[in-house]
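The values are calculated or read from the model by the stated rules, or taken from the named source; none is laboratory data. Note that the structure is predicted; figures quoted are calculated from it, not measured. Note: ideal-geometry Cβ built from the backbone for every residue, glycine included; neighbour counts use all protein chains shown. Accessible surface is based on the protein model in full, side chains and every heavy atom, while ligands, DNA and RNA are left aside. Shrake-Rupley method; radii C 1.70, N 1.55, O 1.52, S 1.80 Å.
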Amino acid sequence: MFIACSEMFKIGVGPSSSHTMGPMSAARAFRSTVLADHKPDLQPKEVYVRCTLFGSLAFTGKGHETDQAVRLGLNGYLPHQLVDVDLRVLKCQIEASEQLSGTEIYYDPAVHLIWNTDRSDLPHPNFLSFELVIDDEVLLEQSYASIGGGFIVVEQELDQHVLSLSQVDIPFPFCNAQEMLSMSGDSALSIAEMKLKNELCFQEEATFSEHVLTTWRAMQSCVEKGLQAEGELPGVLRVQRRAATLFQKLVKSPVNIECHEWLSVYAIAVNEQNAAGELIVTAPTNGAAGVVPAVLYYMDNHYFEHGLSDAQILTFLLSAAAIGGLIKHNSSISGAEVGCQGEVGAASAMAAAGACALKGGTPEQVEHAAEIALEHHLGMTCDPIQGLVQVPCIERNAFGAVKAWLASDLARNAEGEHIMSLDRCISAMHETGLAMSDKYKETSLGGLAASWVEC
């Protein structure tokens, strides 16, 4: 099992990794297939693409801007290419044409985008299909699952879990936490050191380090821009940004500020940026993107007197990625599959592991920290009001960051073995997610989403 740091931490745009970034990547993949394999067939005068959204994508896609994401992808864009782009201008340019850029293929979302909320026999709750139609005949059809964190899988590979460059042999191929700790004990290497050696099977150390540090700089930018931005977030809820005001109160406070206050405001800052569709780093998803940056930013600006070195940043993110990979491999990081326990819960476990590692925790303590953080998110539903990644999502990231910090301290100060292992906790999370009603898994049909009534 190997999931690269570059896959766990993807730079892109909000508001959702599974409902925005994933569908955009799927649409781009379908476009590439059409242009590579079927360009000679595109001669008849009526050629168009039809897209159908199913499951959670159909129920909450409007709030997550899935329709816009599909259109951007079909026009050749990927999430990371939009970081410095004025999306309002780009969307206006695309909407001005009835054809996909650089082609004679028609695509009109009002006609060719179908929101199918009726089909229930889905291979994955985030499912979408594309059809290339020529003279009313379907020439090509391909379906994709958006499995969380911006990952996409074609339907035929869903059962194979083809998520990474696992064809290459790696020195530490741990598939669960027990194997991870056993390999760490045998090699006398930390979790971060083992993860690094796996990563270096695919690229030079200097290249890898620069990529991870670029990711960290993007996370920093998310925090700092969120601490300055004011105004109203998009959508019918008319949620007002709070991070800037909260931050100024903390800065001007005459008394010492508790760590949980800093952690909360940093997490809120990131997720307000996500809700606004701005630059974001999946960690491991967009909806949970505030937890890991908040903890790392706090350690850089408050915990260590002279800030973090590049080596410490790598240790934190490598440790976090190792834990995130285990959760994804053995369960899910998709709210539509297992609820918010798989998003904010996973993010909190990742941040707890990174924090514990930087505080000098042993591999066993790092594993314990991740378990504590995940354990105390078990059963958390994904019930966004109006399908927007705002309420309760933004505040949940603040709580996830605080829980991560507490978990790292509890684990580091614990003596002896702990009763619940991370592997068993991940298994419990998966079982809980499967048993959870679909109403509470990113469909906005139950929970807080169903309790809210627009006045």
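Amide H to amide H, with H built 1.01 Å from N, Leu139 comes under 5 Å of Leu132, Val133, Ile134, counting only residues 5 or more places away or on other chains. Under 5 Å from the amide H of Ser16 lie the amide H atoms of Met21, each residue being 5 or more positions distant or on a separate chain, with H modelled from the backbone and absent for Pro and chain starts. Label separation (Lys197 vs Thr117): 5.2 nm, computed from points 7 Å beyond Cα along the C-beta direction. Ellipticity at 222 nm from helices only: DSSP H runs of n ≥ 4 in the chain, each -39500 (n - 2.57), divided by the residue count, give -15000 deg cm²/dmol. With a Förster radius of 60 Å applied to the beta-carbon distance between Gln178 and Ser101, the computed FRET efficiency rounds to 0.75. Could you state the angle between the C-alpha long axis of helix 393-413 and the longest principal axis of the C-alpha atoms of the chain, as a value from 0 to 90 degrees rounded to the nearest 10? Result, in degrees: 30. Averaging over all projection directions, the Cα-based convex hull of region 101-183 occupies 9.4 nm² in the image plane.
The gain in end-to-end length when the Asp438 to Glu415 segment is fully stretched comes to 4.3 nm, 0.36 nm per residue minus the alpha carbon separation. Where in region 305-349 does the amide nitrogen come within less than 19 Å of the point 7 Å from the Cα of Arg424, taken along Cα to Cβ? Residues 327, 330-331 qualify, since their backbone N sits under 19 Å from the label point. Semi-axes of the equivalent ellipsoid for region 367-432, computed as √(5λ) from the eigenvalues of its C-alpha gyration tensor and ordered from largest down, come to 26, 15, 6 Å. Here region 278-369 yields Rg over Rh of 0.98, to two decimals, using C-alpha coordinates and the Kirkwood radius.
Pairwise Cα distances in the chain exceed 35 Å in 28 percent of cases. An ellipsoid equivalent to region 177-230, defined through the eigenvalues of its Cα gyration tensor, has semi-axes of 32, 16, 7 Å when rounded to whole angstrom and sorted largest first. Once the convex hull of all Cα atoms in region 315-455 is built, its volume per residue stands at 92 Å³.
Taking each pair of distinct Cα atoms in region 173-275 once, what is the resulting Kirkwood hydrodynamic radius in Å? In region 173-275 this quantity evaluates to 17.0 Å.
Here the accessible area is traced with a 1.4 Å probe on the protein chains. For the chain, carbon and sulfur cover 49 percent of it.
At the listed q of 0.12, 0.14, 0.19, 0.20 Å⁻¹, the Debye profile of region 7-162, built from one uniform point per Cα, gives log10 I(q)/I(0) equal to -0.47, -0.65, -1.21, -1.34.
Would you mind getting me the FRET efficiency between Leu140 and Asp186? Use the beta-carbon distance for r and R0 = 41 Å, nearest 0.05. It comes out at approximately 0.25. A full extension of the chain between Glu232 and Arg50 corresponds to an added length of 62.1 nm, given 0.36 nm per residue minus the alpha carbon distance.
Annotation for region 193-270 versus region 168-187: alpha-carbon center distance of 30 Å.
Distance from the Cα centroid of region 63-118 to that of region 271-321 is 30 Å (rounded to whole angstrom).
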